Each structure stands twice: as C-alpha cells, then as structure tokens.
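Heads up, the thing below is written out as structure tokens.
The values are calculated or read from the model by the stated rules, or taken from the named source; none is laboratory data. The structure displayed is predicted, hence computed values, not measured ones. In this analysis, Cβ positions are derived from the backbone assuming ideal geometry, glycine residues included, and neighbour counts consider all displayed protein chains. When the accessible area is computed, the model is the full protein with side chains, heavy atoms only, and any ligands, DNA or RNA have been set aside. Shrake-Rupley method; radii C 1.70, N 1.55, O 1.52, S 1.80 Å.
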Amino acid sequence: MDSSVPPRPSEPRPRRRDRHGRGMRGPVAPPQVPLSASRAESFRDLVQDSVERLERRWPQLAEVDFLVLDVPGSVDESVPLGSSLAAGKGRPAQIVVYRRPVEIRTKNRDERALLVHEVVVEQVADLLGLSPESVDPRYGQD
C-alpha cells in the first residue's frame, strides 16, 4: 500500500512566523524607556545621580572610584550597605555601594534613591574624615 504523504525532511524548516501568524515578537519597550533598564542598571543610575549631586559641592570626588557590587565579600555580624577604601600606592580611593542589601531594605524606587544617597554621603564623609551633615546639609532630613 502506497502512502500519499511525502517523507519528512531531516532538518526542520526555519520559522518565519509564530503559530498565530502575527510575525516575530519584538521588545516589550523601546530601549530609551526606563522599563527596559535592569534593576542593576537603574541602581547604578541612582548611585551616579547621588555622586553627581555631591561632586558639585566636593570637586575632589572626581578622583574617587565609585563602584556598585551585588553583595559584600565577607559578612560579619551585620551586612554593610557600603564601604570606603582610602587611596593607596597607584590606586585611587574607592567607595562601594552594595546593591542587594540596599534593595532588600527598601520598598520602592523613591526609598531606594534616599537610602542610596545616604549610603554615598556616609561613605564620602568617612573617606574625607567629615561628618555626613557637613558633606550634605540635607543628610537625614528626608
């Protein structure tokens, strides 16, 4: 008995459309919309905004490296939100803000922005040997 069904090709054909015939799906939002930014990118933007705000008052911060890490390397009894490291031979001073501990302690973007700014101000104050209120007069008022 002969079959009228042709044999299946060994390799599948490339799909040109999805199964409903609407074509390939594109991105949910265009790249310039904040929705397309990852949490890490938006957190980095918050740190950068805070640094730019402080650099207007403290120009020497242009020589400091500001880093964002997900979590601290070693945790003692309490989890730090940030750390500062003075300049050494051949390397600039560094200020690190830890993303995950800050995110866990905040509920929304506004709270996160306030906490990020407080952490940056505290670390800059520690690095410069000043009080946080002298680094940013609005520290602790928000």
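Kindly provide the set of residues from the stretch 114-130 that are at pLDDT below 95 and either closer than 14 Å to R39 by Cβ or of a type in the set (S, T, Y) (or both), ordered by number. Those that are at pLDDT below 95 and either closer than 14 Å to R39 by Cβ or of a type in the set (S, T, Y) (or both): none in the stretch 114-130.
Taking the numbered list (1) touching a helix residue (DSSP H, G or I) at 6+ places or on another chain (Cβ under 8 Å); (2) surrounded by fewer than 16 Cβ atoms within 10 Å (Cβ to Cβ) in turn, P137 passes all entries but (1).
With respect to the conditions (1) aliphatic (A, V, I, L, M); (2) assigned to a helix (DSSP H, G or I); (3) modelled with pLDDT of 95 or more; (4) farther than 18 Å from S42 by Cβ, L61 falls short on a single one, namely (3).
If only residues of the stretch 66-125 that are among the polar types (S, T, N, Q) and open to solvent by less than 80 Å² (accessible area, probe 1.4 Å) are counted, the one that is nearest to D49 (Cα to Cα) is Q123. For first residues located in the stretch 52-76 and on the phi > 0 side of the Ramachandran plot, partners that are surrounded by 14 or more Cβ atoms within 10 Å (Cβ to Cβ) and lie 6+ apart or on another chain with Cβ distances below 9 Å do not occur.
For residues in the stretch 47-56 being closer than 20 Å to L115 by Cβ and not polar (S, T, N, Q), which is nearest to the chain's Cα centre (by Cα)? Of everything passing the filter in the stretch 47-56, V47 is nearest to the chain's Cα centre (by Cα).
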